[in-house]
Amino acid sequence: QQVVDLVYPVYQQRGYRPQIVGGISYAQRYNDGDTFTVGAEYFYNGLGYGSSDPYLGLVLPHSTALREPARPFYLGRHYAALFVSLPAPFSLDLHGFTLSTLGNLSDRSFITRFDYSFTILTHLGLEAFAAVRYGRPTGEFRLGLEPTTVGEFSFRQAPALVDLGIALRPEI
């Protein structure tokens, strides 16, 4: 733990750190009662890191507990997102489709996700998604670790590539 403290020191910065978010979206009707929406967002996180270098120090054991644990989606300083959504397109009134990309611009890692939803019954929906992770292997959205040795500990983690999920959701 003392070696970890030397490589990844624990300290707290004083003062205020801004967090600013802004976005824009545009919806367009393309058929009788059918619309699509496209949008973009930017998030500046003054509490985040400018690169992925400190990430390993957030998960290794220290001699003093960290005041703030690692928080996904708040590790980077700059984020951007894009999306397009097609709820109930054409005659597919019980279906919905969304394609979105979220990027941690600070560490240059990204995740692109396709979401599908289907209303099975009036109050029960099926949701499924597939996501692809790309960009810098050691970034927040890949979570890979290059071969690293800290004291007596050696680490290596292959970066994440794909996520799949499925769920039944009650709609109350």
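The values are calculated or read from the model by the stated rules, or taken from the named source; none is laboratory data. Computed from a prediction, not measured in an experiment: that's the story for all the values here. For neighbour counting, all protein chains shown are included, and Cβ atoms are generated from backbone atoms with ideal geometry for every residue, glycine included. The area values use the complete protein model at the heavy-atom level, side chains included, leaving out ligands, DNA and RNA. Shrake-Rupley method; radii C 1.70, N 1.55, O 1.52, S 1.80 Å.
Would you please list the contacts, defined by Cβ atoms under 9 Å and residues six or more apart or on different chains, that run from a residue in region 95-113 that is farther than 14 Å from Gly135 by Cβ to a residue that is part of a loop (DSSP other than H, G, I, E, B)?
Listed pairs, sorted by first residue: His95/Ala88; His95/Pro89; Gly96/Ala88; Gly96/Pro89; Phe97/Pro89.
Out of everything in region 140-168 that is in contact with a strand residue (DSSP E or B) (Cβ under 8 Å, 6 or more places away or on another chain) and part of a loop (DSSP other than H, G, I, E, B), what residue ends up being surrounded by the fewest Cβ atoms within 10 Å (Cβ to Cβ)?
My answer is Leu161.
Quick check: is even one residue across region 125-139 on the phi > 0 side of the Ramachandran plot, touching a strand residue (DSSP E or B) at 6+ places or on another chain (Cβ under 7 Å) and surrounded by 12 or more Cβ atoms within 10 Å (Cβ to Cβ)?
Checked region 125-139: at least one residue is on the phi > 0 side of the Ramachandran plot, touching a strand residue (DSSP E or B) at 6+ places or on another chain (Cβ under 7 Å) and surrounded by 12 or more Cβ atoms within 10 Å (Cβ to Cβ).
Quick one: Ser100 ticks every box in (1) at pLDDT 95 or above; (2) touching a Leu at 6+ places or on another chain (Cβ under 6 Å); (3) surrounded by 16 or more Cβ atoms within 10 Å (Cβ to Cβ) bar one, so which box is it?
Condition not satisfied by Ser100: (2).
Quick check: anything in region 127-142 of a type in the set (D, E, K, R), closer than 18 Å to Gly46 by Cα and within 13 Å of the chain's Cα centre (by Cα)?
yes
Could you tell me which numbered condition Phe83 fails, if it satisfies all but one of (1) under 28 Å from Ser25 (Cβ atoms); (2) free of Cβ contacts under 8 Å to residues at least 40 places away in the same chain?
(2)
Cβ-Cβ distance below 6 Å, separation of 6 or more or different chains: which pairs start in region 9-38 with a residue that is aliphatic (A, V, I, L, M) and end on one that is at pLDDT 95 or above and open to solvent by 70 Å² or more (accessible area, probe 1.4 Å)?
The qualifying pairs are Val38/Tyr26.
Of the conditions (1) modelled with pLDDT of 95 or more; (2) under 17 Å from Asp53 (Cβ atoms); (3) of a type in the set (A, V, I, L, M), Leu143 clears all except one; give me its number.
(1)
Determine which single condition His78 fails, assuming it passes every other condition in (1) of a type outside the set (Gly, Ala, Ser); (2) closer than 30 Å to Gly125 by Cα; (3) at pLDDT 95 or above.
(2) is the only condition that His78 fails.
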